[in-house]
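A quick write-up on the structure given underneath.
The values are calculated or read from the model by the stated rules, or taken from the named source; none is laboratory data. All figures in this text were calculated on a predicted structure; none of them were measured in a lab. Don't worry about glycine lacking a Cβ; one is built from the backbone with ideal geometry, like all the others, and counts go over all protein chains shown.
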Amino acid sequence: MRLYGLGLLALFAFRLWFAAVLPMTGDEAYFVFWGEHPAGGYYDHPPMVGWWLSALLAISRAEWFLRLPALVLPLILAWGAWWLVRAHGAERARLAALLVLLQPANVLNVLITTDTPVILFSFLSIIAYVAALRSEQHSRPALFWNALAGALLGLAFLGKYFAALLGMAYLVHVLFIRRDAARWPGFALLLVAALPAPLYNLWWNSSHCWVNILFNFMNRNAEAGFSWQNPLLYVASLVFLATPWVLFELWRERQKFLETVPASGEASAAFWLMLVPLTLFALMSLWRSIGLHWLFSFIPLLGVLAAIVLSQTVLARLVRWSAVFGAVQVLAIAIVVSLPTQAWKDTPFSRSVALRLHANELIRQLAPYAPDHLFAMESFSAAAFMAYQSGRPFAVFGSGSYFARQDDFETDWRAQSGRHVLILRTFPPKAQDYLPYFRQVEFRDIVIDGSRFYLIIGQGFNYAEYHEKVLTRIRQRFYRIPAWLPQRGCEFSERYFPEMK
């Protein structure tokens, strides 16, 4: 027991160290950008992580502190697994907690992203749902637990839309698995408690160009299509996160699994609340890539199932294997973090790594331009990262992609007319891409420790040309709002295309 305790303490120490030394990723810096501009919602997703970061930024900007929710999250998931399994014995509950703590996502993931609140609130919602089941089994009122499960589901939805998959899982469980008389009143209460969150999100979207809807259901799926690699990658992701040895033991004990799950309220709920979302993700993988992080909310339930179904001897062995695998992951991360910049040369990550490692020196060399130049980059994630590092805005110049377009609302290009703009690039620029938008353009290089960065210094920004060739294209590509969606406002169109109202 003492050995387990020391191992878990070492794991938390590693995660704290990793959170402190790992430079902010582009996604994280982008969400910090949200937190620096408190709002009722943001371009890509509902606002929950932005709200969290607004509160954290009021205290500190240190990476490890902003990542604190992600650092604490595995402990909450492990507690939840223990709570779900405790009716089956104290030792099984302890092993369930250990299995969840040692799952790869909970060893490696220290990032503060939109997934963090979704995972937290989804798992807490599941716990409340099971608490309602237990109350009903003992003929006790379950109103509070059903309402809490719904409210937590709503909070998860305000983190990311795919929390709705858990709502579908609740519906499937009520429709096809549960037979108790209280299931429909309980589900109705859960639904009513969950609805304020999506209703609020729809209300906000109606006055903000329907950006969440356009991004999640239209723009990002414009090029979706069948690819045989996507289902294979999905299966590989699932096996990695679940760990092959846990899956193998559950398969080997499949007869016991089929007998145990229907007989246990906790096991049945865990199975169906995991199976439905993972099956829906599997179907989605037929036409689009499924992010590894999308699965984090539901994988802990596999640890719960294993702890209920498998023998304690087998569980202890699985925990040992997971601990060894966790140690391998920790060692691999420690090696990667300690690699010199030159080790990344000639890899697809070389320029991104160089930007992060040399950001402070870059900012120092850009300082003379700061008083009279707008700083910009052409990548949303890179611009967000440099803004985080420098503490000053970095706009996004050009059309960009369908991802991370919050800067469309924060930078007013009308106000830049006639001003000077400095664009930082990690790839060589083409002069013709910039000459039309400035009265005069100068191209310079900065070399830091063998890494070359490129400056485009534009004098006299030509807003009219930029409006015609860039902003018009952005509106046509990213802000085509279907006529059937009721509009209460769209800042982007009202700012740049008032005649289109």
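Residue count for the range 352-366 satisfying the condition of being among the β-branched types (Val, Ile, Thr) and either under 14 Å from residue 379 (Cβ atoms) or touching a Phe, Trp or Tyr at 6+ places or on another chain (Cβ under 8 Å) (or both): 1. Residues that are in a helix (DSSP H, G or I) and either at pLDDT 85 or above or within 21 Å of residue 108 (Cα to Cα) (or both) within the range 332-350 comprise 332, 333, 334, 335, 336, 337, 338, 344, listed in sequence order.
Screening residue 427 against (1) farther than 21 Å from residue 353 by Cα; (2) of a type in the set (Phe, Trp, Tyr); (3) modelled with pLDDT under 95 leaves a single unmet condition, (1). Residues to consider are 427, 409; find the one that is surrounded by fewer than 14 Cβ atoms within 10 Å (Cβ to Cβ) and either of a type outside the set (Val, Ile, Thr) or within 32 Å of the chain's Cα centre (by Cα) (or both). Unique residue meeting the criteria: 427.
Consider residue 329 carefully, then state whether it is touching a helix residue (DSSP H, G or I) at 6+ places or on another chain (Cβ under 6 Å) and modelled with pLDDT of 95 or more. So residue 329 fits the description; yes. Applying the condition of being polar (S, T, N, Q) and out of contact with any Asp or Glu (no Cβ under 8 Å at 6 or more places or on another chain) to the range 298-317 and asking which residue is surrounded by the fewest Cβ atoms within 10 Å (Cβ to Cβ) yields 313. Of the listed requirements (1) under 30 Å from residue 486 (Cβ atoms); (2) within 19 Å of the chain's Cα centre (by Cα), residue 299 misses just one: (1). Across the range 451-476, the number of residues qualifying as out of contact with any Ser or Thr (no Cβ under 7 Å at 6 or more places or on another chain), within 28 Å of residue 205 (Cα to Cα) and not acidic (Asp, Glu) comes to 6.
Being over 25 Å from residue 383 (Cα atoms) and touching a helix residue (DSSP H, G or I) at 6+ places or on another chain (Cβ under 6 Å) narrows it down to one of 89, 80, 41, so name that one.
That would be 80, the only listed residue that is over 25 Å from residue 383 (Cα atoms) and touching a helix residue (DSSP H, G or I) at 6+ places or on another chain (Cβ under 6 Å).
For residue 368, the conditions (1) part of a loop (DSSP other than H, G, I, E, B); (2) farther than 30 Å from residue 124 by Cα are fulfilled apart from (1). If you go through the range 336-362 and keep only what is surrounded by 17 or more Cβ atoms within 10 Å (Cβ to Cβ), within 23 Å of residue 387 (Cα to Cα) and without any contact (Cβ under 8 Å) to a residue 60 or more places away in the chain, you end up with just 353.
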